[in-house]
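Please read the structure below before turning to the comments.
The values are calculated or read from the model by the stated rules, or taken from the named source; none is laboratory data. Predicted model, so just to flag it, every value in this text is computed and none were measured. Positions of Cβ are generated from backbone atoms using ideal geometry, with glycine treated the same way; all protein chains shown enter the neighbour counts. Ligands, DNA and RNA are excluded from the accessible area calculation, which covers all protein heavy atoms including side chains. Shrake-Rupley method; radii C 1.70, N 1.55, O 1.52, S 1.80 Å.
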Amino acid sequence: MKPRKYSIASAPTGQHDLSLVVGVVRYTTSTGREKAGVATGMLDTVTLPTTIPGHISSPGDGNEFRLPPDPVWPVLMIAAGSGIAPFRGFWMQRFHQHQEGHNIGKTVLYFGCRRKTMNLLKQETDLASKGSGSLLSKVFCRTPSNNTATRSLDFERHDAFSQEPNHPRQYVQNILARDAEKIYDLWIRKGGYIYVCGMFSLYIQCLQMFCSGKIKMAHGVETVLRDILKHIGNMNGEAAADSIREMRTNKRYQEDIFG
């Protein structure tokens, strides 16, 4: 079997541990048999202690998906499903830097999933935005703090639910379009960085045909960002496309797409 790649879902702690976010694949075969993904099912049921072979890829291996060198720049994280994994490490790192006294730019997460019951890490991000004393320090910081006056991070989370009962159907692209002015301000005017992570494709609503279709998640997000540049930045289509390319070159628009 080919190796499975997972994004590390924690910040460097100085200790010999790391976290993963794993979405267990479950499905029913044509004969009615319930099955789970080979790798995710194993991780879900493995007993301790069990040794699992693996290795860590460093940035030198071509992985450039990382925070800006200066934490003062705003960071916008766009994720669907288990694509939230690397962003957990991002907000943990920025929270720790904030507690050390660094000036941290605004941190925003846009997250899409099917239902509120699948709203990954919601409690943790709530703690990040509210600053919940020593409990949060134990979760996020390299050295747990006894200081109950832990400062809150300038952190926002916005969720989109595509299959929540009695709730309008929304996808992450919809809430990006809703916040067009905010995104343009943080990304363009204030020099922010945008990161996109998630499955190669997801189901979105085809508004013109009133049906459901499958498109590349990253492509859908890029289309919305290009529209924001055109409408808020008064750019034509060619200028907006050039701006996107420049952002990619300057690492201010990065993608980690899998599946």
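State which entries of Lys2/Lys230; Lys35/Lys182; Lys122/Lys190; Lys5/Lys122; Lys2/Lys182 exceed 32 angstrom in Cα-Cα distance in the structure shown.
Lys2/Lys230; Lys35/Lys182; Lys2/Lys182
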### Query
R0 = 30 Å: FRET efficiency of Arg248 with Leu20, Cβ-based, nearest 0.05?
0.65
### Message
Test of understanding: what is the full-extension gain from Glu238 to Thr223, defined as 0.36 nm times their sequence separation minus their Cα-Cα distance?
### Response
4.1 nm
## Note on the structure
Along the stretch 112-128, Karplus-curve 3J(HN,Hα) (6.51, -1.76, 1.60; θ = phi - 60°) to the nearest Hz, with x for Gly and Pro, reads x, 8, 6, 9, 4, 5, 9, 6, 4, 6, 4, 4, 5, 5, 5, 5, 5
### Task
Would you list, by chain and number, the aspartates and glutamates whose Cα falls below 19 Å from the Cα of Lys106, excluding same-chain residues fewer than 8 positions away?
Asp70, Glu124, Asp126, Asp154, Glu156, Asp159, Asp179, Glu181, Asp185
### Task
At 1.4 Å probe size, with no ligands or nucleic acids counted, give the accessible surface of Lys122 in Å², nearest ten.
70 Å²
## Note on the structure
Simple SL model, points at 7 angstrom along Cα→Cβ for Ala180 and Gln163; separation in nm is 3.0 nm
### Task
Excluding Pro53 itself, calculate the net charge of residues whose Cβ lies under 15 Å from the Cβ of Pro53, where each Lys or Arg counts +1 and each Asp or Glu counts -1.
+3
